């Protein structure tokens, strides 16, 4: 029943956690198959040079065998070691490099400290015996037997195909027999490499599918993961609500420092602040609609901020400007006329001005 509930694909977070634990889709046969195929191809590439070098070495060895001095034997051992290393070491290095590249290509470089921690359960003989006779152990055995069976069948077909030549091989020269034997060994080798390569590619796809099934999650696990990583949606909604309330309080507070409030007259309220000489253009410090607009107007009345009714300008400012931004150049002229009106009124406090009384809070004026 638990497996039936895990119907959802693993999230990126769970895949990242699995990667940290060393759980990666990786075929152990793929690097070996790549290395085997590459080494066989390289050996075929310099086979002629290989034969020439070893022919001259054997001739030199037979020539030195006639002498009985200890120095000749020492020199022969050194020469054998150098020639063997000259041909074997590059192939080994090539195989190691391709194996490492094959492992990195499957899952990248992963350093999983949790996988390196000691696990005494792995050292238990009873646990290991259970693994051998389990379904997983049987599957690993079949994975090894299938490609070996194909290779054995392929070698058998080659022997059957060349059986007549094998029967008559006693009548040919030793050189021809060696050439034939090497060519058949090369044929079996590169075909075996292709079999291993195809089987390892299939095994890699199988491992990816198996890992994807193991990492599947239930919907409840996904919801819980979202709560742990992203946060509880209800808490996030509460935080966003508090942030909106805080921004509103800040706007209402800044409206008290505004130079003018432009209204619609009841639906919109836009508070602008401008200080000549220190600000290149007026800045919107608050804006709102309906209830928030009413609160901005009340704050303006309470702090003696002039209120000007201009419906087209209020609409344009509300849509074009965000709080904290300067007004666009297209609205400079309309706003400048209002500010000039306000500054002229403030410059003559003892003169009766239309829309602005001498004392008390300034009443709303229609500009």
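The values are calculated or read from the model by the stated rules, or taken from the named source; none is laboratory data. The structure presented is a predicted model; accordingly, all values stated were derived computationally and were not measured. So basically every Cβ, Gly included, is an ideal-geometry build from the backbone, and we count neighbours across all protein chains shown.
Return the residues of the range 318-331 that are within 16 Å of residue 255 (Cβ to Cβ) and assigned to a helix (DSSP H, G or I); say none if nothing qualifies. Correct list: 318 only. Do the conditions hold for residue 246, that is, is it modelled with pLDDT of 80 or more and loosely packed, with under 12 Cβ neighbours inside 10 Å? Answer is yes for this residue. Kindly evaluate residue 177 against the criterion of being surrounded by 12 or more Cβ atoms within 10 Å (Cβ to Cβ) and touching a residue at least 60 places away in the same chain (Cβ under 8 Å). No, not satisfied.
Here's the yes/no breakdown for (1) in contact with a helix residue (DSSP H, G or I) (Cβ under 8 Å, 6 or more places away or on another chain); (2) within 26 Å of residue 41 (Cα to Cα); (3) not in a helix (DSSP H, G or I):
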residue	(1), (2), (3)
164	no, no, no
168	no, no, no
177	yes, yes, no
181	no, yes, no
184	yes, yes, no
193	yes, yes, no
196	yes, yes, no
203	yes, yes, no
210	no, no, no
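Only one of the listed residues (300, 345, 334, 314) is at pLDDT below 85 and assigned to a helix (DSSP H, G or I). That residue is 345. What number of residues within the range 312-328 satisfy the criterion of being surrounded by 16 or more Cβ atoms within 10 Å (Cβ to Cβ) and closer than 16 Å to residue 296 by Cα? Matching residues across the range 312-328 total 4. Each residue in the range 240-279 was checked for being under 11 Å from residue 305 (Cα atoms) and without any contact (Cβ under 8 Å) to a residue 60 or more places away in the chain, and 7 pass.
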